[in-house]
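Asker: Take a look at the following structure, please.
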Amino acid sequence: MDDITLNQNPKLGSVDRPNSYIGRSLTRDGAIKHLEGKGQFVDDLILPRMVNLAFFRSPYAHAEIKSININEAKKYPGVINIYIAEDIDEVCKPWVGVLGHLGEMRSPEQSPLVQNTARWQGEPVAIVVANTRAQAEDAVEAIDIDWLEKEPQIDMETALQKDAVVIHKELGNNLFWTRTVEQGDVQKGFNASSTVVETTLDFARHTGVTLEPRGIVADWNKSEEKMTIYHNGQAPHMMQHIIAKHFNISEGLVRVVSKDVGGSFGIKVHVYGDEMAAIAVSKLLGRPVKFVADRLESFTTDIHARCHKISGKLGLDDKGKIIAMEINDLSGIGPYSMYPRTSAIETNQVLNLSGAPYIIPNYKAVGTVVFQNKTPMCQYRAVGHPIAVAITEALVDKGAQAIGIRSDEIRKINFIPDNKYPNKTPSGVPLEDLSHQAAMNKLLKMMNISYLEKQKKIDLEKGILTGFGIISMCEVTNPSPLFYGAGGAHISSQDGATIRLEGSGAVHVSSSITEQGQGTEAIMKQIAADQLGVSMDTVRVTLGDTDATPYGGGTWASRGAGIGGEALLKATRILKNNILQIAATIMQTDIYTLDIENNMVIRKNGGEGISLKKLAETVYYRGQELPQGTNPELIATSSFFIEGIPFVFTNSAMGCLLSIDQDTGLTKIKKLWVVEDCGTQINPKLVEEQIKGGVVQGIGGALFEECVYDDQGNMQNATMADYLVPMASEMPDIIVDHVVTNSGRSIIGAKGAGEAGTGGAPSVIMNAINNALFSINKEVTSQPITPEKILRAIGKI
Amino acid sequence: MQDNKSIIISFTVNNEIFDNVMVSSRLHLGDYLRSLGLTGTHLGCEQGACGACTVEVDGKAVRSCLILSSQVNGSVIRTIEGLDDPLMEKVKETFLKHNALQCGFCSSGMLMTTKEILNQKKYFNREEIRTEISGNYCRCTGYQSIVDAIEESITTNMKEINNG
């Protein structure tokens, strides 16, 4: 790949200069620690006097506690104490997972441990504190709880019926939240349509399966009244605020450290009862406490995702122009809305994003979110996108089939043209700087559809079902304060960065965005070195520590590069200006005649320069050599948040070629193409890796992953042997290319790239499978599209 | 509660000799190695499904969560911390070059499996590489960059072998 051509952003300066690092696929050198076993994950940490936790978790999806007997368990070897809800509630205030800016949300107070009634299987009930986790687990088995089992409400589709079990009596029914979005007049639109197509899709629950489970070490130091938290989370400052608030500790005396994080994908950005309970235990005992979930706990208590049933209708004229779209989405979120982001956002994204690439003058979307006795559901990588994209692109394909035009033609007819931005989604959300037409044209060249059509016919004659599909989509990235802050949640949409020149000439960067393997550290180095004019090895980076980094949101919603990167770019430009001002004084020249290259302040017209090391030494150690009044600031901080629009959208086009084995129902993905437009790519290789990893996560949801429950709310496959995740042997090589449309909202011009793959892959795979099945007049509408579902669809079973 | 006896065993880890040390009869090897400070061995599922905890025992890649520490009496063990021979140093460079890791939690196990692939001293095509690593779960990369890195490592290694 000619990486340098990807940096087409004139605001960043010439690419043909020394220390031009933005836009280059540089190696992520900091990652070597992981190849040497030197990462620092939460479970690697051992503190003096540290104790370990194990939880007694509800074996039932819905049951009332009649009595708890912990006497026998307390006698077990190594046990230090056992706590139940009333102990923990003394030091931890309950929380409520609602936001104020999206209409009424109703979710009850939630405490770390079950108070009276357990509402999902796996909900924490009691805590054993012991010297080792094994000892704690042994004692958990000796806790004796007398339960009164209650009928669970499992099925989201019956949750609002009159005879449904009401999970929270005080709410009167199981409705958490509902929202309707209307633009134009959808009924008139359908009346004016010559063709109306419909479909209903359902999406099973799946979950993050981060290879490193959730974990926390809480260390309450009573002498300083300080709580130090080592947490494998994504948003240290958010956690700092929440811990301070709920444990009644001064916020400045809560330090949250997130070192290496073994995958997060949105799973690790929420508040979990067991983690809050671990903090409570540290406060009660005055000792460091470790809790690291095991895999069973991960499956039954990490947030689940999706769990949607959506019906949609598309009205078109006889040329294939879309006139109206209507969707109706139902989602089940478990018994509580998660805190502090709520469990409404996935549905909200479905309402906002359906139809987003297209001009659709009349649009109506209804979302209904209900409670059920299953593990809580919340935001996970590509929040809502797989549902919004799949329903839109399934309907568009159906429209093309009904009218008799090609799947690429119908999209081209209906795209918002690349030169018509700024624009709006059919739901009314502002869009800008997108390139659906260019991306689709590039995709079609890569795929060679006419060849695929011919091949498909040849295959079909041989009895092989081959299919291909295409999609277009938008991805929400770089959210503004309108996402959470406007709703009352203390989740920062701003990020900050500090950069300093040190006495040795080294450059240190600290940023509020965090690293979970995306390459945050690497792109921070690239931005700093590029914009300052120093070599990459000069720069080191500190992330993930509320005591050591500027305040900010962290890494989620594909915001690290676009928001955190911009903050650093701005800070670096301030520092550069400060350095050049000092240099101009020392060198007795005008600042405009100077620049920085290769760790030296140089004279643009030639002549002797001064090294940054020498300049820094002068400022730090021999300030007397400088004239009075010289600004000695060799440190600069800057912050950034998105203004004027709710999100910075990106767009992608994807294609998939696959075959279906009619005897086994197995789908074999042969090729998967992605054309992505995320604006400036700070490191194209890392962007590509986000796309590929994201696609594979999307393939998981499309073909394999499902949290299977029985009718009593027991999760049936809560092991990695039973829950199928994508493994190497079933995955295709993925072909990625790009269109570059810089975001006009920042100097750096970067949009996010973390979630498009996961958002689009389920749709393009479903379209490709249905393209294959259309040859024999069959279809599938339910994800994961398992071999069994395919065999049922084609009538084999 | 099950019996928790102690057993005395001897073994070698990363060339360090452990002579007559006491291990708990219930402790699996992964937990035991981590208790020695060898935290580069990661536990992902503790049921042999994810491959993160893979270590080398007597020349073979083994799930350290599936054997008890008491079973390694007399064994020679190598963990990620001990993968410092020239061949594996080169493999690590190749992994970096291809960005064959993101969060790094699977990397120790992935490198252990790679070592076993390279030990076979033969060529594998991409599909075969995918099969070889199909017991190692990676949630981040989508595997392609890992396959790229292993493919290049095999090619480099075989060239060196063929060139004597």
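The values are calculated or read from the model by the stated rules, or taken from the named source; none is laboratory data. All values derive from a computational prediction rather than experimental measurement. For neighbour counting, all protein chains shown are included, and Cβ atoms are generated from backbone atoms with ideal geometry for every residue, glycine included.
Asker: Checking A:Met50 against (1) within 14 Å of chain B (Cβ to nearest Cβ); (2) over 18 Å from A:Thr520 (Cα atoms); (3) under 30 Å from the mean Cα position of the chain (by Cα), which test does it fail?
Answerer: So A:Met50 meets the others, but not (3).
Asker: Next up: Give me a count of the residues in segment A:631-657 that are touching a Ser or Thr at 6+ places or on another chain (Cβ under 6 Å) and more than 21 Å from A:Ile747 (Cα to Cα).
Answerer: Matching residues across segment A:631-657 total 1.
Asker: Would you mind finding the one in A:Ala54, A:Ala73 that is small (Gly, Ala, Ser), over 30 Å from B:Gly82 (Cα atoms) and assigned to a helix (DSSP H, G or I)?
Answerer: A:Ala73
Asker: If A:Gly463 satisfies every condition in (1) surrounded by 15 or more Cβ atoms within 10 Å (Cβ to Cβ); (2) assigned to a loop (DSSP other than H, G, I, E, B) but one, which is the exception?
Answerer: Condition not satisfied by A:Gly463: (1).
Asker: Hey, can you tell me all the residues within segment B:90-143 that are of a type in the set (Asp, Glu) and closer than 22 Å to A:Gln40 by Cα?
Answerer: Of everything in segment B:90-143, just one residue is of a type in the set (Asp, Glu) and closer than 22 Å to A:Gln40 by Cα, namely B:Glu93.
Asker: Only one of (1) closer than 28 Å to A:Asp29 by Cα; (2) part of a helix (DSSP H, G or I) is not met by B:Leu38, so which one is it?
Answerer: Condition (2) is where B:Leu38 drops out.
Asker: Which of the residues belonging to segment A:275-334 are of a type in the set (Val, Ile, Thr), within 22 Å of the chain's Cα centre (by Cα) and outside any strand (DSSP E or B)?
Answerer: A:Thr300, A:Thr301, A:Ile303, A:Ile333 - these are the residues of segment A:275-334 that are of a type in the set (Val, Ile, Thr), within 22 Å of the chain's Cα centre (by Cα) and outside any strand (DSSP E or B).
Asker: Specify the residue that is farthest from the other protein chains (Cβ to nearest Cβ); the eligible residues are those in segment B:55-74 that are of a type in the set (Gly, Ala, Ser) and either free of Cβ contacts under 8 Å to residues at least 40 places away in the same chain or outside any strand (DSSP E or B) (or both).
Answerer: Looking at residues that are of a type in the set (Gly, Ala, Ser) and either free of Cβ contacts under 8 Å to residues at least 40 places away in the same chain or outside any strand (DSSP E or B) (or both), I get B:Gly74.
Asker: Can you find even one residue in segment A:764-775 that is farther than 26 Å from A:Arg381 by Cβ, assigned by TED's automatic domain parsing to the domain that holds A:Gly698 and without any contact (Cβ under 8 Å) to a residue 60 or more places away in the chain?
Answerer: No, every residue in segment A:764-775 fails to be farther than 26 Å from A:Arg381 by Cβ, assigned by TED's automatic domain parsing to the domain that holds A:Gly698 and without any contact (Cβ under 8 Å) to a residue 60 or more places away in the chain.
Asker: Taking only segment B:78-99 into account, find how many residues are at the interface with chain A (Cβ under 9 Å from one of its Cβ atoms) and either among the polar types (S, T, N, Q) or within 21 Å of A:Asn683 (Cβ to Cβ) (or both).
Answerer: 8
Asker: Could you list, in sequence order, the residues of segment A:93-144 that are in a loop (DSSP other than H, G, I, E, B), within 30 Å of A:Pro77 (Cα to Cα) and charged (D, E, K, R)?
Answerer: If the condition is that a residue be in a loop (DSSP other than H, G, I, E, B), within 30 Å of A:Pro77 (Cα to Cα) and charged (D, E, K, R), then A:Glu123, A:Glu141 are the ones that fit.
Asker: Which fully enclosed strands (runs of 3 or more DSSP E) of segment A:609-712 have 3 or more residues being aliphatic (A, V, I, L, M)?
Answerer: Counting at least 3 such residues, we get A:648-660, A:667-677.
Asker: Need at least 2 residues that are under 26 Å from A:Thr542 (Cα atoms) per element, so show me which strands (runs of 3 or more DSSP E) inside segment A:191-273 make the cut, counting only ones lying wholly within it.
Answerer: A:215-221, A:226-231, A:254-257
Asker: Now a separate question. Can you tell me which condition A:Gly644 does not meet? The list is (1) modelled with pLDDT under 95; (2) more than 27 Å from the chain's Cα centre (by Cα); (3) not aromatic (Phe, Trp, Tyr), and all the others hold.
Answerer: That leaves (2) as the condition not met.
Asker: I'd like to verify a number: residues in segment A:419-458 that are farther than 28 Å from A:Ser659 by Cα, surrounded by 15 or more Cβ atoms within 10 Å (Cβ to Cβ) and free of Cβ contacts under 8 Å to residues at least 40 places away in the same chain, how many?
Answerer: Within segment A:419-458, residues that are farther than 28 Å from A:Ser659 by Cα, surrounded by 15 or more Cβ atoms within 10 Å (Cβ to Cβ) and free of Cβ contacts under 8 Å to residues at least 40 places away in the same chain number 2.
Asker: Hey, among A:Asp595, A:Asp661, which residue is in the same structural domain as A:Thr741 (by TED's automatic domain parsing) and either among the β-branched types (Val, Ile, Thr) or surrounded by fewer than 22 Cβ atoms within 10 Å (Cβ to Cβ) (or both)?
Answerer: A:Asp661
Asker: Cβ contacts < 9 Å: first residue closer than 18 Å to A:Ile527 by Cβ, restricted to segment A:490-513; second residue surrounded by fewer than 17 Cβ atoms within 10 Å (Cβ to Cβ) and among the small types (Gly, Ala, Ser), any location; separation 6+ or different chain. Result?
Answerer: A:Ser510/A:Ala548
Asker: Out of the residues in segment B:129-155 that are polar (S, T, N, Q) and more than 8 Å from every other protein chain (Cβ to nearest Cβ), which is nearest to A:Leu686 (Cα to Cα)?
Answerer: So, considering only residues that are polar (S, T, N, Q) and more than 8 Å from every other protein chain (Cβ to nearest Cβ), the one nearest to A:Leu686 (Cα to Cα) is B:Ser153.
Asker: Just to be sure before I move on: is A:Met227 buried (at least 20 other Cβ atoms within 10 Å of the Cβ), in contact with a Phe, Trp or Tyr (Cβ under 8 Å, 6 or more places away or on another chain) and in the same structural domain as A:Glu86 (by TED's automatic domain parsing) in the structure I sent?
Answerer: Here the answer is yes, as A:Met227 does meet what is asked.
Asker: Continuing with the same structure: Just the residues that are within 8 Å of chain A (Cβ to nearest Cβ) and among the hydrophobic types (A, V, I, L, M, F, W, C), please, taken from segment B:100-128.
Answerer: Answer for segment B:100-128, where residues must be within 8 Å of chain A (Cβ to nearest Cβ) and among the hydrophobic types (A, V, I, L, M, F, W, C): B:Leu101, B:Cys103, B:Phe105, B:Cys106, B:Leu111.
Asker: Among the residues of segment A:136-152, are any of a type in the set (A, V, I, L, M, F, W, C), away from chain B (no Cβ under 14 Å) and under 33 Å from the mean Cα position of the chain (by Cα)?
Answerer: Checked segment A:136-152: no residue is of a type in the set (A, V, I, L, M, F, W, C), away from chain B (no Cβ under 14 Å) and under 33 Å from the mean Cα position of the chain (by Cα).
Asker: Select from segment A:486-501 the residues that are hydroxyl-bearing (Ser, Thr, Tyr) and assigned to a strand (DSSP E or B) and list them in ascending order.
Answerer: Once the filter is applied, which keeps residues that are hydroxyl-bearing (Ser, Thr, Tyr) and assigned to a strand (DSSP E or B), segment A:486-501 yields only A:Thr498.
Asker: I'd like the residue in segment B:11-54 that is over 23 Å from A:Asn131 (Cβ atoms) and of a type in the set (Asp, Glu) and, out of all such residues, is farthest from the other protein chains (Cβ to nearest Cβ).
Answerer: Per the stated criteria, the residue is B:Asp19.
Asker: Any idea which of A:Ile82, A:Ile88 is in contact with a helix residue (DSSP H, G or I) (Cβ under 6 Å, 6 or more places away or on another chain), within 18 Å of A:Ala136 (Cα to Cα) and in a helix (DSSP H, G or I)?
Answerer: After applying the criteria, what remains is A:Ile88.
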